[in-house]
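Before any comments, here is the structure.
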Amino acid sequence: MTPLITIAAQAADQKSAEVTDWAGRIGWVAGLLLFVAFVYWLMRQGWKWRGSLQSDLPELPAVPQEPGAATLALSGRYHGSTTAGQWLDRIVAHGLGTRSRAELTLTDAGISVVRPGANDFLIPADALREARLDKGIAGKVLAEGGLLIVTWTHGDKLLDSGFRSDRAAEHTAWVEAINSMTTTTEGIAR
């Protein structure tokens, strides 16, 4: 046989050795699982700590029973809220950090955000500051203009909330409608 075929035949005949040190192997697996659980616990504690730091944020306005006639409606995803201008400073208080499906409705009262499995809230019309298209918020990055960012005040804090429509072509109409509301509303500083 040629040397190459001989080496290939020898490699095929080799078998891995049987595990004889089961206690050592089980110890490593258990240690790895404990490490993963510890890292998860640390992440959860960080989330709780961030929420306690933001406890001064007032309760979110509730969605009214009769919000009025809908100007625009959007079905998509809510990606989170951040401190305005700080796209990585996630707000987690009152469920604002929870990503979820969302149904947005723009009325004269403001923007109703209905989220199945999470807290619904209203962004009042007098709290709206501006809307724009952007590419990222709270750790979520998409193509340029892939997110609808709504800037609004809540309490004494200026927030950015990010939404993505199931049909991204709708974003431009939302930006125009919200920005026209903020320029025609009295008392809103831009």
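The values are calculated or read from the model by the stated rules, or taken from the named source; none is laboratory data. Remember, it's a predicted structure, so these values are computed and weren't measured experimentally. Because the Cβ atoms are built from the backbone with ideal geometry, glycine has one as well, and the counts that use them run over all protein chains shown. All accessible areas refer to the heavy atoms of the entire protein, side chains included, with ligands and DNA or RNA removed. Shrake-Rupley method; radii C 1.70, N 1.55, O 1.52, S 1.80 Å.
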| query | Under 8 Å by Cβ, and 6 or more places apart or on different chains, what pairs join a residue from segment 96-107 that is modelled with pLDDT of 90 or more with one that is of a type in the set (D, E, K, R) and surrounded by 18 or more Cβ atoms within 10 Å (Cβ to Cβ)? | reply | S100/R115; R101/R115; A102/R115; E103/R115
| field | Scope segment 24-43; condition under 29 Å from T98 (Cα atoms) and either at pLDDT below 90 or open to solvent by less than 60 Å² (accessible area, probe 1.4 Å) (or both); matching residues | value | A37, V39
| query | Name the pairs: first residue in segment 154-167 and on the phi > 0 side of the Ramachandran plot, second residue surrounded by fewer than 20 Cβ atoms within 10 Å (Cβ to Cβ), Cβ to Cβ under 6 Å, at least 6 apart or on different chains? | reply | G155/L57; G155/P58
| query | Residues of segment 159-173 being open to solvent by 10 Å² or more (accessible area, probe 1.4 Å) and not in a strand (DSSP E or B), which ones? | reply | D166, R167, A168, A169, E170, T172, A173
| Quick one: G117 ticks every box in (1) modelled with pLDDT of 90 or more; (2) among the small types (G, A, S); (3) open to solvent by 10 Å² or more (accessible area, probe 1.4 Å) bar one, so which box is it? | (1)
| task | Count, please, the residues in segment 51-72 that happen to be exposed (fewer than 13 other Cβ atoms within 10 Å of the Cβ) and of a type in the set (A, V, I, L, M). | result | 4
| request: Only residues that are open to solvent by 60 Å² or more (accessible area, probe 1.4 Å) and in a loop (DSSP other than H, G, I, E, B): list them for segment 136-152, please. | output: A143, E144
| task | Answer yes or no as to whether L133 is part of a strand (DSSP E or B), at pLDDT 90 or above and surrounded by fewer than 17 Cβ atoms within 10 Å (Cβ to Cβ). | result | yes
| task | Test each condition in (1) among the basic types (K, R); (2) in contact with a Pro (Cβ under 8 Å, 6 or more places away or on another chain); (3) in contact (Cβ under 8 Å) with a residue 40 or more places away in the chain for K140 and report the one that comes out false. | result | (2)
| R77 vs. criteria open to solvent by 50 Å² or more (accessible area, probe 1.4 Å), closer than 20 Å to P64 by Cα, modelled with pLDDT of 85 or more and touching a Phe, Trp or Tyr at 6+ places or on another chain (Cβ under 9 Å) | no
| query | On the given criteria, is D156 acidic (D, E) and buried (at least 17 other Cβ atoms within 10 Å of the Cβ)? | reply | no
| request: Answer yes or no as to whether A125 is among the aliphatic types (A, V, I, L, M), touching a residue at least 40 places away in the same chain (Cβ under 8 Å) and crowded, with 18+ Cβ neighbours inside 10 Å. | output: yes
| Going by the conditions given, is S165 under 19 Å from the mean Cα position of the chain (by Cα), at pLDDT 90 or above, among the hydroxyl-bearing types (S, T, Y) and within 23 Å of Q65 (Cβ to Cβ)? | no
